[in-house]
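See below for the structure under consideration.
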Amino acid sequence: MSSALAGKFGYAGGMPERKVRPIWDAIDSRQYKNALKLASSLLTKYPNLPYAMALKALILERMGKPEEASSICLEAKELLHKNVTLLMDDLTLSTLQIVFQRLDRLDLATSLYDYACGRIPNNLELMMGLFNCYVREYAYVKQQQTAIKMYKLVGEERFLLWAVCSIQLQVSCGQGGEKLLGLAEGLLKKHIASHSLHEPEALIVYISVLEQQAKYGDALEVLSGKLGSLILIEVDRLRLQGRLLAQSGDNAAAAITFQKILEMCPDDWECFLHYLGCLLEDDQSWCNDATRAQRCLPESLDKIPRITDDLFNSHIQDASAFVRKLETEASGDSKRGPSLAYLEIERRKLLHGVGDKERLMDALVQYFSRFGYLACFCSDVEVFLDILTPDEKINLLEKMKESSGSMSIGPTKSLGQAISLQKMQFQIGITYKLHDAELESLAVKMINMYRENLPLSKDLDPQESMHGEDLLYMASNILVQLYWRTGSTGYLLETVMMLELGLNIRRSVSQYKIILLHLYSHLGALPVAYEWYRSLDVKNILLESFTHQILPQMLLSPLWEDLNDLLKDYLKFMDDHLRESADLTFLAYRHRNYSKVIEFVQFKERLQHSNQYVIARLESSILRLKEKADNIEEEEGVFECLKCGTQALELASGTLCDSLTFNEELQLRPWWTPTPKKNYLLDPFEELDHPTDNLDHRKEWETNVREKLEKRSLLPRMVYLSTQCVSASIKENIEANGSECGSIFSLEMKSLLERYVKILGCSLDEAVKVLLDVAEGQRPLEALGTDLIEWVNFAVFLNAWSLSSHETVLPMGEESISLWHVVNSLLQKSIESKVRIIGPQGCSPGGARDLSVLVQLIGEPMAWHCLVLQYFIRSSLPCGKKKKKSGGPADSSTSVLSQSIRDSVLSLYSIIEVVVEWLKKEVNKTDDEAVDHLLSFLVSDSNEGPGKVYQALKDLISTADEGELGDRIFKGINSWSPTDIARKTFKGQHKMMSNFLQICNSKLKVLEAIKQQI
Amino acid sequence: MTTIRKFCCNDLLRFSSVNLDHLTETFNMSFYMTYLARWPDYFHVAEAPGNRIMGYIMGKVEGQGESWHGHVTAVSVAPEYRRQQLAKKLMNLLEDISDKIDKAFFVDLFVRASNVPAIKMYEKLGYVIYRRVLRYYSGEEDGLDMRKALSRDVEKKSVIPLKRPITPDELEYD
């Protein structure tokens, strides 16, 4: 029975619909047990009916029984192949397809549909199913072939467009050459000649095919012809036309088109820039590709004007006249477009060398008096300030101040203006030049201003942002600047206190939360930072663009459980999306939104290559190795899951590293840490003109990510090989003929070691020399630089490798040095020096970084070395009897080795004991003692240093008046408690220490056990 | 000075300043992408100079017969760009598309009954409370179904308020 007939007679997959419905209902409501019961009984009634089998498989898969589901599916597939009389409808196949997809066996679904299409030719439904399979597999050529078949069968426009999209995908995301576009064009032309086009999206695709081949003239002809009327919104059609004209080089016509758009949408800034760009013939924004990803304003600063002065003057006059017209029409309206357009014209004149700075500044002052109260004022005018010298900027600011004094506006607008003026000070860099005392009083001024204006927000809904919230944000920037300059922790704590107060007053100011998150991280109270991060409810796609605010700190912390959650949530989101993306692409096909098809595929690729995604996958593998390193059996389970570390190696393969994408939204980061790599506060103070977005930092960060990925991706495999080298070496000692396996591992380990040190910047021989020098005290520990962890890791792996290697690892003349000793010495030096540096202050701001290094030293190289020891013991013990029997020369080398092991265990034990002793002291500090200590930073006994802001905050509390502020704000203010905040901070620091202590204690236990066994 | 254009996937990676607002829901990917795949004309973003995202609107068109209507699923503006009528601009755009392109009878939207500022804003834009949906939000808070009639509904039948509140299972559409 065909599926059409099935539908007609209420049949589904060969049985009455009424029998199937309850099963689907149960599945939909997740009552899988019940669903399984129904499906099983159905299967007894209709044995060997593929649809019934598919249903059962589907349920089993949902119940978490993939193997059973898989075997039923395969059985059904087999049946369908063998028995030609069986029903082969889309319902059955699509149900099987769902299960195959969830089992990650898309290929099986595809081959099934492929077979079905062969057996029942010309069945459109099955062909669509097959097409869908190819969409899921990103098999663009096959997609194209299937779509063409469907098109030939029914001649429908949509199938032709499916084919054309598949061709475009081959060109933009696959291996296809641009020649293919000619084929797409030909197909479309032929179809248009006989049938024309009927969907707006079809026209858009047609034009994009022409555009991709740079056939702008042809595209314009199509657009202005009969087909052009398919685009119903006039402005959309004009935009397309303007773009094509500009690309074709017809600037004059393009300018006229953009002018028309502006007459309809005078506030369209992008359009205005295109208009001006075409008029002045310097618009480069079309030059690259026309995808949305490349949207950027014309970077006019480094552009050489190509038109003559006369032409420029005459065109700019036209533009001015046009903008004046727009301005008159828009007067009284809140549209900023025309006013800003006027500023842009003045800017362009200056860039061309015919402008007048006074005029630009006057225009800016005018703009300020109209729109200065808006929160976005400063970001609006940013680009115009760039053209002024520092003195001119100061001059401008003065003029703005004057103009604001002479205006009579309401209190809200007046506050808005005052805030804009303060923001301007930051923007032009004045603030960063002030003396400490001036800066401090500026912060106090802002707090007072915030306090004075609180009554304005009395009647606001709690959901609405309050007036003056920016003030505390700005004050926080000043205080952090002061902290950086002076190193006084008090400033940092004042900032924390202030923002906590702000959040008491209104709970959902995300910009405060972001600052706090970084400050608590810096104070070593990462658990509190994490809490604030969580309060931002970062989920779904925000996990990709926003997690960078917390992930780097978490990766270096002892909060393994929270880190695990963070990584898991993120990876789940990404994996889910990558899995379902193709289905959504098919949805776009089905709904004939063809341009979205290409966009979705490109977006999937963008996410797939996300640097954060690769990092998260890699780091979650490493985290699992770290967590289980103290239990050899569990660690072996981890090795198995990670394919003995080869999975990580594949993750950072060359091609992937080259095409990494960086999707983090860095704009929301605080000024002192513009990228996850850079943190000014960790470096000595330096004068900065304007520490905002810095492209160099971005590049530096991207390079660092690539390098780091390369290093870290070797780690799991090297850990695995270390254990294998140790095991093999024991075997070799026992079985005199050696083991083949051991030498394979040993060879691979050598090549990885070479790769590893190459990233560190040297050859294997050089690296060994460096290690020996540092271990023997001929070079200081600092010689290892910022790659300390990597170096110590290297020492551990080198030692493990040397056990099974027959090569001489040590340089001539130093053969007597024991690598065991080198590892012990390095671990001891690095760990004890960190403990010393951090000292009794625990998690002081500076100490947080050293603490994270310490955590890594124990969590990584120390853990790997303990693992090597455990493997040694395990490999040697069960063979104890054999060892005795074998006797001979092996014995003496074994005993030397045993002695080294014993020494190493004792050494490690005493190193960790030092850390444990120190941590215990930290953990045993009482709340009150610590809170008093923290609060003491806030009170200054002299006129200098922190304390004034804290006082201003206390004044804010003491002068708060319920009648003036309203119940909500008043309550918020009164719930602020510095002691509670200090306590919370301490508890966060304490949790770091106690988690770390747990990790150390676990290591001690392992070493204790090994000691017993030696 | 705003550029309003169709929303695209890449914008999802740049809208955190809008979505970190606690009243703005960050939906899962299939939700956004279903809207993009099915109703791309109803999903717009507003950009400021320097490509900063100011806000966006997402919606759809659905229904049968006289209940063929545009629906606003979400409209949100970043704090920095509030109080300059951007939401109004975005709403007008969606209404225009519902009215002129899809010839819908009305536009509707749901709002938390407690979200007074939003309700006031919608009223200013010409929306009326058509009915109350009991415990619409996570089974707790009531939602208000607000509507605005379009030119095709000449007699404005679609916005005559219902007398009694309804429950979520009585809703015609999800």
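Packing here is the average count of other Cβ atoms within 10 Å per residue, and on that basis the peptides A:350-357, A:91-98, A:673-680, A:519-526, highest first, run A:519-526, A:91-98, A:673-680, A:350-357.
Note on A:LYS349, B:LYS100: ascending count of other Cβ atoms within 10 Å places them as B:LYS100, A:LYS349, the fewest first.
Enclosing the Cα atoms of segment A:1-137 in their convex hull gives a volume equal to 99 cubic angstrom per residue.
For a test of the definition: using alpha carbon positions, the gyration tensor, and the 1.5 limit on a/c, classify segment A:394-548 as rounded, prolate or oblate. Oblate, since a/c reaches 1.5 and b/c is not below a/b. Sorted fewest first by neighbouring Cβ atoms within 10 angstrom, B:MET146, A:MET264 come out as A:MET264, B:MET146. A Cβ-based charge dipole, computed about the Cα centre of segment B:3-170 with Lys and Arg at +1 and Asp and Glu at -1, lands at about 420 debye.
Semi-axes of the equivalent ellipsoid of chain A: what are they in whole Å, largest first, if each equals the square root of 5 times a C-alpha gyration tensor eigenvalue? Each step should come with its number before you reach the end.
Working: eigenvalues 554, 479, 169 Å².
Here the semi-axes work out to 53, 49, 29 Å.
The overall shape of segment B:3-170 is prolate: from the C-alpha gyration tensor, with semi-axes ordered a ≥ b ≥ c, the ratio a/c is 1.5 or greater and a/b exceeds b/c. The lysine pair count for segment B:28-166, using Cα distances under 19 Å and pairs eight or more places apart or on different chains, is 25.
For chain A, the residue among A:GLN899, A:CYS657, A:LEU421 whose Cα projects farthest onto the positive side of the dipole built from Cβ charges is A:GLN899. Placing unit charges on the Cβ atoms of the charged side chains and taking the dipole of chain A about its Cα centre, the candidate lying farthest along the positive direction among A:MET812, A:SER208, A:ILE23 is A:ILE23. Residues of segment B:49-80 with the amide nitrogen closer than 15 Å to a label point 7 Å from the Cα of B:ILE166, along Cα-to-Cβ, please. Answer for this model: B:62-71. For segment A:378-434, the ratio of Cα radius of gyration to the globular rule of thumb 2.2 N^0.38 Å stands at 1.14.
Filter the DSSP H helices in chain A by two things, a Kyte-Doolittle mean of at least -1.0 and an axial alpha-carbon span of 30 angstrom or more, and list the hits by number. Numbers along the way, then the final one.
On the way: long enough: A:309-330 (31 Å, -0.50); A:560-590 (45 Å, -0.61); A:695-734 (59 Å, -0.75); A:890-923 (48 Å, 0.39); A:978-1013 (53 Å, -0.54).
Once both thresholds are applied, what remains is A:309-330, A:560-590, A:695-734, A:890-923, A:978-1013.
Between A:THR786 and A:GLU702, the simple label model (points 7 Å from Cα in the Cβ direction) yields a spacing of 1.8 nm. For a straight C-alpha distance cut-off of 18 angstrom, the aspartates and glutamates reachable from A:LYS45 (same-chain residues fewer than eight places away being disregarded) are A:GLU17, A:GLU75. Cross-link partners of A:LYS628 among lysines, defined as those whose alpha carbon lies under 20 angstrom from its own and excluding same-chain residues fewer than eight positions apart: A:LYS568, A:LYS643, A:LYS1003, A:LYS1005, A:LYS1011. From the Cα gyration tensor of segment A:71-136, with a ≥ b ≥ c the square roots of its eigenvalues, which class applies: rounded if a/c is under 1.5, or else prolate if a/b is larger than b/c, or else oblate? Oblate, because a/c is 1.5 or more while a/b does not exceed b/c. Averaged over peptide A:500-509, the number of partner chain Cβ atoms lying within 10 Å of each residue's Cβ comes to 1.
Apply 1/(1 + (r/R0)^6) to the Cβ-Cβ distance of A:GLN828 and A:GLU650, taking R0 = 41 Å, and write down the FRET efficiency to the nearest 0.05. If you can, show how the numbers build up before the last one.
On the way: r = 36 Å, r/R0 = 0.87.
Given R0 = 41 Å and the Cβ-Cβ separation, E is 0.70.
Taking a straight line from the alpha carbon of A:LYS179, these lysines sit under 19 Å away, with near neighbours fewer than eight places off in the same chain left out: A:LYS142, A:LYS189, A:LYS190, A:LYS215.
Against chain B, whose longest principal axis is taken from its Cα atoms, helix B:29-38 shows a tilt of about 70°. Take each residue of peptide A:373-383, count the partner chain Cβ atoms within 10 Å of its Cβ, and average: the result is 4. Among the listed pairs A:LYS596/B:LYS6; A:LYS423/A:LYS445; A:LYS971/A:LYS991, those whose Cα-Cα separation exceeds 19 Å are A:LYS971/A:LYS991.
How many percent of Cα pairs in segment A:462-562 exceed 20 Å?
On the way: 2095 of 5050 pairs.
Summing the P(r) tail past 20 Å for segment A:462-562 gives 41 percent.
Looking at the protein assembly as shown alone, DSSP beta bridges between its own residues are antiparallel in about 85 percent of cases.
Per residue of peptide B:81-92, the mean number of Cβ atoms on other chains within 10 Å of the residue Cβ is 3.
For chain B, what does the helix formula give at 222 nm: sum of -39500 (n - 2.57) over DSSP H segments with n ≥ 4, over the residue count, nearest 500 deg cm²/dmol?
Working: 4 runs with 34 residues, N = 174.
Calculated at 222 nm, the ellipticity per residue is -5500 deg cm²/dmol.
Ignoring solvent entirely, what values of log10 I(q)/I(0) come out of the Debye formula for segment A:140-284 at 0.09, 0.19, 0.20, 0.21 Å⁻¹ when each Cα is a single scatterer? For segment A:140-284, the Cα-only Debye profile gives -0.32, -1.07, -1.13, -1.19.
With both labels modelled 7 Å from their Cα along Cα-to-Cβ, the A:VAL154 to A:GLU234 distance reads 3.7 nm. With respect to chain B, whose longest principal axis is taken over its alpha-carbon atoms, helix B:86-96 is tilted by about 60°. Considering only Cα atoms, the convex hull volume of segment A:952-1014 works out to 77 Å³ per residue. With the charge dipole of the protein assembly as shown set up from +1 on Lys and Arg Cβ and -1 on Asp and Glu Cβ about the Cα centre, the Cα lying farthest toward the positive end among the listed residues A:MET862, B:ILE101, B:TYR122 is that of B:ILE101. Considering helices alone, the calculated mean residue ellipticity of chain A at 222 nm is -23500 deg cm²/dmol, with DSSP H runs of length four and up weighted by -39500 (n - 2.57) and normalised per residue.
Values in this text are rule-based calculations from the coordinates and carry no lab data. Just so you know, these numbers come straight off a predicted model, no measurement behind them. Virtual Cβ from ideal backbone geometry, glycine too; neighbours counted across all protein chains shown.
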